[in-house]
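Below is one structure; the comments refer to it alone.
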């Protein structure tokens, strides 16, 4: 027996290096590195709206660790603070289990659920008949499980289509987009001065959103009121009539998100933040911009709903 086994025993294996960080793919691409063992907090934690969206490190730290980071504004990020946040998030994950920080996104379409439902009183005709009257091609989108899906190009077509399906369907969803279009909520409105040069850089995304004239807005509101009155008058008695806006003004959110994408695309191409921000058309993206974008998203998600029953 060897009296001193440690002298002849093989040395213990070296510790396995594991890279821990947030959105490591961007850093590894910029550094032109690859590594077999990585833990990315942008992947092991979920965005509330599910994949392929990734949550921000500041949001994750506030949500799951109860503290704020990246509050230096123009000063940029503190790498040590970010690294400690990633370690704390990993520790939480190990303590709470693999499902911690994930959001279930399994959802069932309301039209699919209505199709499985039985009519009150056991009437003939199978499940509840539903219809979607919307812009684009709803049969290939949210209306693919509805009994009937009608594609429209204008609010007038939506109203006519809705009036046609109401008598033979139990649930009808329709969307009027004329007001949102005039407000510039769907596509960015062109500047009032058409002679102004078109900008594709950050300067274009930093301009405040334009608004319609009073005459345009009043005409559109009068048209919307007329459409709603026509729909309400056509409904049979004891029909629930629900109006909802869906969201609030998304223009600031879209503006910030566009600038963020420009910055990220430039960063992925190998440029440094200083190079990206240089020049008249430079793009800047700071932690303060990220927090403003989060606030703009929360504001855009707010909406109004009006409930009524046709007597």
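If you filter the range 272-287 down to residues that are assigned to a loop (DSSP other than H, G, I, E, B) and modelled with pLDDT under 80, you find that the one that is surrounded by the fewest Cβ atoms within 10 Å (Cβ to Cβ) is 280. Looking only at residues in the range 1-29 that are in contact with a helix residue (DSSP H, G or I) (Cβ under 7 Å, 6 or more places away or on another chain) and in a helix (DSSP H, G or I), the one that is modelled with the lowest pLDDT is 26. Yes or no: residue 54 in contact with a helix residue (DSSP H, G or I) (Cβ under 7 Å, 6 or more places away or on another chain) and either buried (at least 16 other Cβ atoms within 10 Å of the Cβ) or not assigned by TED's automatic domain parsing to the domain that holds residue 301 (or both)? Here the answer is yes, as residue 54 does meet what is asked. Pairs meeting the criteria (first residue in the range 249-271 and closer than 12 Å to residue 289 by Cα, second residue in a helix (DSSP H, G or I) and modelled with pLDDT of 85 or more, beta carbons under 6 Å, at least 6 apart or on different chains) are 252/296; 253/296; 253/297; 253/300; 256/293; 256/296.
The values are calculated or read from the model by the stated rules, or taken from the named source; none is laboratory data. Because the structure is predicted, anything quoted here is derived from the model rather than measured. Methodologically, a virtual Cβ is constructed for each residue, glycine included, from the backbone with ideal geometry; neighbour enumeration extends over all protein chains shown.
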